[in-house]
Amino acid sequence: MALTDVAQLPELAETGLVSPPRAAVSCESAGSRASGRAHGQRVVQPAPRPGLLARHGAHVDRFFYCPYHPEGTVTEFARPSNDRKPMPGMARAAAQALNLDLTSSWVVGDRPEDVGLADAVGASSIYIGSETCPRPGVWSYPNLSLAVGFILERMMA
């Protein structure tokens, strides 16, 4: 499962969705680095209070991020990248690193790029937002809490 809003992970801790044997991966397109708005470890490790997750037996197996943006102002990061969502680079790296089957994985996100990432790797997609995603085959929920129940139900079926 790939999550794009790591700030919402603590509410998942009690659901079991980010607990072994399931893998949780965060894939971030961190264009703020390419624009010069972020520096150093803040981009590399956007960890959401790992102690809270650990207290509930939950974890994030790996964080992946893409610092590149084709319109960036920092020269070393101003370029296109196969790792930038919706391209599949980060998801494929996660699959290789964690031995994941992307076609049985879930991508949960609040941007069209997240849905595009799911399409690119053959994963199931959930769009989080106040509007319904107009793309066929994408489930929409107003918040992550409601989406979690749906994912767990599907995983148990």
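Quick look at the values:
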| item | result |
| --- | --- |
| Length released on extending from residue 96 to residue 146, taking residue separation times 0.36 nm less the Cα-Cα span | 15.0 nm |
| Radius of gyration and maximum dimension Dmax of segment 63-157, Cα, Å | 14.6, 48 |
| Residue exposure sequence - 98, 117, 144 - by fewest surrounding Cβ within 10 Å | 98, 144, 117 |
| Residues of segment 71-97 with amide N under 13 Å of a point placed 7 Å along Cα→Cβ from residue 119 | 86-88 |
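Laboratory data are not the source of any read-out in this text; all were calculated from the coordinates shown. Keep in mind that this is a model prediction, so the values were computed, not measured. Cβ coordinates were reconstructed from backbone atoms using ideal geometry, including for glycine residues, and neighbour counts include every protein chain displayed.
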